[in-house]
Amino acid sequence: MKLILNLKYLNVQSMGYIKSRLSEFNGRYKLTLTKLLRMVFIAISPRSIKLKSTLKSGIKITGFNRPGWGGRGVFISREDIEPEVKLLKFFLKKGDCFIDIGANVGLYTLSAANILGSQGKVISYEPIPSIFNNLSENVSLNNFQTIVSCRNMCVDNFTGSSKLWMNFDRPVSFSLKKQTDVEKYIHTFSVCLKDLVVFEKLDKIDYIKIDAEGKELDIIQSGKNEILKFRPVVQLEGWREEMKNVFLDYKFVHSINNRNTLVIPNEIFENLSISFDKKDWRIHE
């Protein structure tokens, strides 16, 4: 990565950003010189630009240079931002169906589409209009329009109109669940998992990724029968003990370095061609 840095632009605000990012890397990610230079690039670049990244798979992805919009983390760490991204190839094959709930700029959407190929199906849900537009642009940028269907709506435990609360004024924290005293919200439409299967005319689901800022359990419960029928791998942000009542004969694999949990059917787990290193993962029945 070639960067020409003019140090006079490294003001107090820029250095504050770099310092905050470095603290996040402590103990979580391997910090390389390349990543450090990317942080500097973010700090000195206008907030109006879109950050452009190319993953090792050749996927191109852009995202806003704004805190809490999802683009910065991908720009700095690429597919290393979440270890589950690099595990998709062990769970998915050509022709499979992948559901991305809370797709943001499309890191998982694009990575899955690249694996599934022209016979596969990816359905991505992103309710925030500006980020949805960014997601759609990234799908077109990679020529995945025939594989990926983008939906500008939420997934919840009911179908109908709803409010998306603008928690902390950061899109990555926006949620159908009000988490602060914030009074700002945007109107959106929600669909429950059961109705989603009907609307999309799905006869199978192989993997569901859910990043819904506290609504994961509601979403799962809205499609309990569908999960029992299709037995997909389910990736959740966070974990609640009550979810074990939904997932029968599953293994629960939790990443130590982030909040995600992989919920894997026993019949899939037993035939995986990978092993989970105990330094990075915890496995529960």
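All of the numbers you see were taken from the coordinates with simple rules; none came from a lab. All figures in this text were calculated on a predicted structure; none of them were measured in a lab. All Cβ positions, even for glycine, are placed from backbone atoms using ideal geometry, and neighbour counts span all protein chains on display.
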For the modelled label position 7 Å from the Cα of Glu285 along Cα-to-Cβ, which residues of the range 223-253 have backbone nitrogen atoms closer than 18 Å? 241-253
How tilted is helix 12-25 with respect to the longest principal axis of the chain? Cα atoms for both, answer in degrees (0 to 90, nearest 10). 40 degrees
Taking only Cα atoms, what is the 0 to 90° angle, nearest 10, from helix 129-141's long axis to the longest principal axis of the chain? 90 degrees
The pairs in Lys177/Lys224; Lys56/Lys215; Lys93/Lys177 lying past 30 Å Cα-Cα in this model are Lys56/Lys215; Lys93/Lys177
Remind me, what semi-axes does the range 38-78 give for its equivalent ellipsoid, largest first in whole Å, using sqrt of 5 times each Cα gyration tensor eigenvalue? 17, 10, 9
Could you sort out which of Lys89/Lys251; Lys86/Lys121; Lys50/Lys178; Lys209/Lys244; Lys60/Lys209 sit more than 26 Å apart by Cα distance in this structure? Lys50/Lys178
FRET E, pair Glu267, Ser48, Förster distance 45 Å, beta-carbon r, rounded to 0.05: 0.35
Diagonalise the Cα gyration tensor of the chain and give the resulting equivalent ellipsoid semi-axes, square root of 5 times each eigenvalue, largest first, whole Å. 31, 22, 19
Going from the alpha-carbon gyration tensor of the range 233-278, what semi-axes, largest first and in whole Å, does one get by taking the root of 5 times each eigenvalue? 17, 15, 7
Residue-by-residue Karplus 3J(HN,Hα) for the range 101-111, coefficients 6.51, -1.76, 1.60, Hz, glycine and proline x: 9, x, 6, 6, 7, x, 4, 6, 4, 5, 5
Rounded to the nearest 20 debye, dipole of the chain from Cβ charges on Lys, Arg, Asp, Glu: 1200 debye
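What does the highest-first list of 122-135, 102-115 look like by mean Cβ count within 10 Å?
102-115, 122-135
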Mean separation of Cα pairs under 8 Å and 6+ residues apart, divided by the residue count of the chain: what relative contact order is that in percent? 12 percent
Taking θ as phi - 60°, what are the ³J(HN,Hα) couplings along the range 236-253 by the Karplus curve (6.51, -1.76, 1.60), each to the nearest whole Hz, with x for Gly and Pro? 10, 8, x, 7, 10, 4, 4, 5, 5, 6, 8, 8, 9, 6, 10, 9, 10, 10
Residue by residue through the range 32-47, which ³J(HN,Hα) values in whole Hz follow from phi under the Karplus form 6.51 cos²θ - 1.76 cosθ + 1.60 (θ = phi - 60°), with glycine and proline marked x? 10, 4, 4, 5, 4, 5, 5, 4, 4, 4, 4, 5, 9, 8, x, 5
